[in-house]
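S.K.: I am attaching a structure below and will ask some questions about it afterwards.
Rule-based calculations on the coordinates, nothing more; no lab input. Just so it is clear, the model here is predicted, and its values are computed rather than measured. Backbone-built Cβ (ideal geometry, glycine too); neighbour counts: all protein chains shown.
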Amino acid sequence: MTNPQENVEKLKALCRQWGSSLFGVADLRSFRKEEILLPPSLIDSLPYAISVGYHLSDAILEEVENQPTPLYFHHYQRVNILLDTIGLIVTSTIQDLGYQALAIAASQLVDWKTQKAHLSHKHVARAAGLGWIGRNNLLVNEQFGSRIRLVTVLTGIPLVVSSPSVKDCGSCLDCLSVCPAGAIKERQKDFDHLRCYEQLRIFAKTLHFSHNICGVCVKACRGKRQKNGMME
Ligand code: B12
Ligand code: SF4
Ligand code: SF4
């Protein structure tokens, strides 16, 4: 199977079957090599980046007030496992078709000092048309807001590249006042990474979670679906 459009349809349907709501393709060659912590020869052999998004449970997020809850922590962990599983299933499907694929973990650090992973799922998702980087520093999808988690699969199988979104936060400021650390500012580039990070470390310590989580700005960014009161 070498028709790029057919390949997209097949992989999209597969991801949907496994519970994902968003699918897009980015051209990895549009990224600077320094943005990807993988050997350059490996990047050259995997020119496409598939971005997959899972719509988080709105019911669980609605229960989050100004700090993460045990329900959210469990959800966060299970969704990471599901996204990693989807990455593996996409990988084996592509390999069966005779091409290479490499799934990037949903949540794994390779540089603790700068808090960097192999690559940014958000930047890939933006390039793959899933949304834009919002004031809350997260990927914002028009339908689901920031209530999504992401995974990326790099591959050599021929695919049709998606167009990036032209939308942005516009006049919305819903996430600014809710952040317990005051890390979210009107200009996205002023987002205070360190304040956010320190707040998450406090949550982990005081609430006894083994990961740095929060969820407050995820909840605040509802997207069109919740704002319109639409539920599946
Ligand atoms: C490390 C990490 C964190 C760290 C640091 C984040 C950061 N880089 O600022 C901490 C623990 C703070 C964190 C917090 C959160 N995260 Co996080 N995180 C990641 C992870 C694993 C890697 C991010 C990465 O490599 N980025 C690459 C760099 C180049 O991109 P960047 O963030 O734009 O780069 C900046 C930082 O590196 C910063 N920087 C430089 N030096 C230092 C040093 C320190 C100490 C810090 C903090 C930052 C920093 O400067 C860069 C330029 O601005 C990704 C998964 C992934 N592979 O993408 C998830 C991910 C970004 N996280 C996610 C989420 C949801 C969260 C939280 C809501 C926590 C939660 N689950 O409840 C908060 C939200 C914070 C926010 N508003 O941005 C989701 C985002 C989904 C979405 N809709 O966008 C991701 C994509 C995980 C996933 N699989 O879905 N996260
Ligand atoms: S994760 Fe929490 S502390 Fe960090 S920006 Fe979002 S609301 Fe603020
Ligand atoms: S809540 Fe509004 S301002 Fe904040 S990231 Fe989402 S769309 Fe942008």
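S.K.: Over the range 1-145, what relative contact order in percent results from Cα pairs under 8 Å that are six or more residues apart? Working shown, then result.
M.R.: On the way: 149 pairs, mean separation 36.9, N = 145.
Relative contact order comes out at 25 percent.
S.K.: For residue 113, list the lysines whose Cα falls under 25 Å from its own Cα; do not include residues on the same chain fewer than 8 positions away.
M.R.: 33, 122, 185, 189, 205
S.K.: Right, next: Taking the Cα atoms only, what angle lies between the long axis of helix 4-17 and the longest principal axis of the chain, rounded to 10 degrees?
M.R.: The angle comes out near 40 degrees.
S.K.: On to the next question. For the range 176-232, just say rounded, prolate or oblate: build the C-alpha gyration tensor, square-root its eigenvalues into a ≥ b ≥ c, call rounded for a/c under 1.5, and beyond that prolate if a/b exceeds b/c, oblate if not. Please report the intermediate quantities before stating the final value.
M.R.: Details: a/c = 3.21, a/b = 1.40, b/c = 2.29.
Oblate shape, in that a/c is at least 1.5 and b/c is the bigger or equal ratio.
S.K.: Please rank 157, 50, 89, fewest neighbouring Cβ atoms within 10 Å first, as an exposure proxy. Walk me through the intermediate numbers first.
M.R.: Details: 157 25, 50 28, 89 17.
Least crowded to most crowded, the residues run 89, 157, 50.
S.K.: Using only Cα atoms and rounding to the nearest 10 degrees, what angle (0 to 90) does helix 193-207 make with the longest principal axis of the chain?
M.R.: Rounded to the nearest ten degrees, it is 70.
S.K.: Starting from the Cα of residue 227, draw a straight line to each of the lysines and keep only those under 20 Å, dropping any in the same chain fewer than 8 residues away.
M.R.: 167, 219
S.K.: Also, I was wondering about something else. Taking amide H positions as placed 1.01 Å from N in the peptide plane, with prolines and chain starts having none, which residues 5 or more places from residue 48, or on another chain, fall under 5 Å of its amide H?
M.R.: Amide H neighbours of residue 48, under 5 Å, 5+ apart: 28, 155.
S.K.: What's the exposure ranking of 10, 167, 113, going from fewest to most Cβ atoms within 10 Å?
M.R.: On the way: 10 16, 167 11, 113 6.
Ascending number of Cβ neighbours within 10 Å: 113, 167, 10.
S.K.: Which whole-Hz couplings ³J(HN,Hα) result when phi for each residue of the range 126-133 is put into the Karplus expression 6.51 cos²θ - 1.76 cosθ + 1.60, θ = phi - 60°, listed in order with x for Gly and Pro?
M.R.: Karplus values, whole Hz, x for Gly and Pro: 4, 5, 8, x, 7, x, 10, 7.
S.K.: Which shape class applies to the range 51-112: rounded if a/c is under 1.5, otherwise prolate when a/b exceeds b/c and oblate if not, where a ≥ b ≥ c are the square roots of the Cα gyration tensor eigenvalues?
M.R.: Details: a/c = 3.79, a/b = 2.14, b/c = 1.77.
Prolate, since a/c reaches 1.5 and a/b exceeds b/c.
S.K.: Kindly identify the range 88-232 as rounded, prolate or oblate by the Cα gyration tensor criterion: order the square roots of the eigenvalues as a ≥ b ≥ c, call it rounded if a/c is under 1.5, otherwise compare a/b with b/c, prolate if a/b is larger, else oblate.
M.R.: Numbers: a/c = 1.99, a/b = 1.35, b/c = 1.48.
Judged from the Cα gyration tensor, the range 88-232 comes out oblate (a/c at least 1.5, b/c at or above a/b).
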